[in-house]
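Participant: My questions will all concern the structure given below.
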Amino acid sequence: MDLSPEAIQKILSRYKFRDVAIEELQKVHQIHPAMKPVAGTYTFSDGTQKDLLKLIGNIPVKYEGRSYNLPILLWLMDSFPFTPPICLLRPTTNMVIREGKHVDARGRIYLPSLHNWDHPKSSVVGLLAEMISQFEEEPPLGTKSTGDNRDPNELLAYVSNLKINEGGVQHHDHLINKVTVIGGGDLGMASVMSILAKGKVDRLVFIDVAESSTKGGSMDLEIFNLPKVEVSKDLSASADSSVIVVTANAWSNEQSYVSVVQTNVDMYRGIIPGLVRLSPNAVLLIASQPVDIMTHVAWRQSGLPPSRVIGAGCNLDSERLCHVLDISLNTHKQAWVIGELSDNKVPVLSNILMGASHQHPEIAPRSKATKPLLDRAFEMLKGRGQRSWSVGLSIADISHSILVDQRKTHSVSTLAQGWGGIGAEVFLSLPCLLGVSGSTRLAGVSLGQEEDARLRESVTSLCALLSQLRI
């Protein structure tokens, strides 16, 4: 595969796992030499753009004794191959898309291997093999009938009016700010009321899933008929959401902690892929427990880029830390709590003052002067639990930043691989800029020996638990 053109080399240099990505592309070339890399510009739903690589070509498919070449396009995110490609059909003017189990009406391709992507077990070669196999059973494209009275350029005109984004494709029509909350109980209700109070949601859907052990609230919402709120037991009501908040927990009577967490994983397996198919452009905001593990699980099961799957994580602790520093300690710099939502979390300071939205925030290097200050602030926060109403307020704060494309920095659970020398595939709370296209992680920084040891301990414990789960 020819990766020598300057435009391709320039884009590849920005990929987080450049050498691994190149190795994966060469494997594709050995089996599918017709697939060609092309430099392209990926347009996000907020209008921002990023230069990325895409693979363009045809895959051979046999159907009823005849051979066909199906045109496809694979967008490779900058965290490829650790995140799956976004796969689209490329219909010509004389083709029509046949919507089915693995293809939607707009040409985005859905396959089990995309939902369960897990590099290095998962690969583009394996993905293309599955694509060929599935499309030989159910061809996704057909030829327009010559008797069709519609304008033969109609499909081309429609496709040209679509905008590619991280969820696939979307029409230029205005999208409403729709939020879905999955899971009843105190936290689900607190999230609903807090999001409504923020006032930036056009429609809010509350779904109390049967599998969740945290139930309640749906009947009261139906009785009092709040404006903008729809109560449902059907996941299809979540379609076309901008943000999907998952608060559901399916706690079992199992004795071991691993078995208890596994019940949540099993519940997620039954709802996450369906939610993503119904709302391919949504940002998933996870609040189920343990949040760092369940955010990881949701990412693996969704097939979405890690930028679109985040956990509530340490956002509440971070906002409390900022408040204590500002009001009680007269230190007006932004601060965050990072790491695992456990006793191993670590406070860090920003390089900018609170409210300085015109400046790009960064984590300030640890110093002898800042450590006592942060330690004192952290001590003042001890004993403040994470009650349902306070977590609900935090969830509303995160959702608001996404809906209005605020680009505010939150400490949310995100894929930490590659940050600060972390090599494992784990989710930890890290400062991220949030907007309509999801999260953008701030750059890593050297921590103190004690703080670094805490993060490493969390990485080890999270990896140990993940290895015991059937995701």
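Participant: Quick one: which of 185-198, 449-462, 9-22 comes out on top by average Cβ neighbours within 10 Å, and what's the full order, highest first?
Facilitator: Per-residue mean Cβ counts within 10 Å order the peptides as 185-198, 449-462, 9-22.
Participant: When each pair of different Cα atoms in the range 314-468 is counted once in the 1/r mean, what is the Kirkwood radius in angstroms, to one decimal?
Facilitator: 15.9
Participant: Determine the dipole magnitude for the range 178-310: charges of +1 sit on the beta-carbon of Lys and Arg, -1 on that of Asp and Glu, nothing else is charged, the reference point is the Cα centre, and the result goes in debye to the nearest 20.
Facilitator: Using Cβ point charges on Lys, Arg, Asp and Glu, the range 178-310 gives about 440 debye.
Participant: Computed over the Cα atoms of the range 6-143, what is the ratio Rg over Rh, Rh following Kirkwood?
Facilitator: In the range 6-143, Rg relative to Rh is 0.96.
Participant: What is the set of long-range amide H partners of Tyr68 at a cut-off below 5 Å, with H atoms built 1.01 Å from backbone N?
Facilitator: Val61, Lys62, Tyr63
Participant: Can you give the charge dipole size of the range 314-468 about its Cα centre, rounded to the nearest 20 debye, using +1 on the beta carbon of Lys and Arg and -1 on the beta carbon of Asp and Glu?
Facilitator: The calculation lands at about 240 debye.
Participant: Would you mind getting the accessible area per residue of the range 1-132, heavy atoms of the protein chains only, 1.4 Å probe, in Å²?
Facilitator: Here the residues of the range 1-132 average 47 Å² of exposed surface.
Participant: How long is the gain from Ser461 to Phe224 if the chain were fully straight, where each residue apart is worth 0.36 nm and the alpha carbon distance is subtracted?
Facilitator: Taking Ser461 through Phe224 to full extension adds about 80.8 nm, to one decimal.
Participant: Name the long-range amide H neighbours of Asn249: under 5 Å, sequence gap of 5 or more, or other chain; modelled H, no Pro or chain starts.
Facilitator: For Asn249, the qualifying residues are Ser213, Thr214.
Participant: Among 60-70, 118-128, 316-326, how do they line up from the highest to the lowest mean number of other beta-carbon atoms within 10 Å? Can you show the working numbers first?
Facilitator: Details: 60-70: 11.6, 118-128: 15.9, 316-326: 20.7.
Taking the mean over residues of other Cβ atoms within 10 Å, the ranking is 316-326, 118-128, 60-70.
Participant: Here's another thing I want to ask about it. Please list the radius of gyration and Dmax for the range 392-471, considering alpha-carbon atoms only, with Å as the unit.
Facilitator: For the range 392-471, the Cα radius of gyration and maximum Cα-Cα distance read 14.3, 39 Å.
Participant: Highest mean first, what order results for 412-419, 107-114, 308-315, 243-250 on Cβ atoms within 10 Å?
Facilitator: Working: 412-419: 24.2, 107-114: 19.8, 308-315: 28.9, 243-250: 26.2.
Going from most to least packed, we get 308-315, 243-250, 412-419, 107-114.
Participant: Computed over the Cα atoms of the range 178-310, what is the ratio Rg over Rh, Rh following Kirkwood?
Facilitator: 0.95
The values are calculated or read from the model by the stated rules, or taken from the named source; none is laboratory data. Quick caveat, the model's predicted, so the values are computed rather than measured. Cβ atoms come from the backbone with ideal geometry, glycine included; neighbour counts cover every protein chain shown. When the accessible area is computed, the model is the full protein with side chains, heavy atoms only, and any ligands, DNA or RNA have been set aside. Shrake-Rupley method; radii C 1.70, N 1.55, O 1.52, S 1.80 Å.
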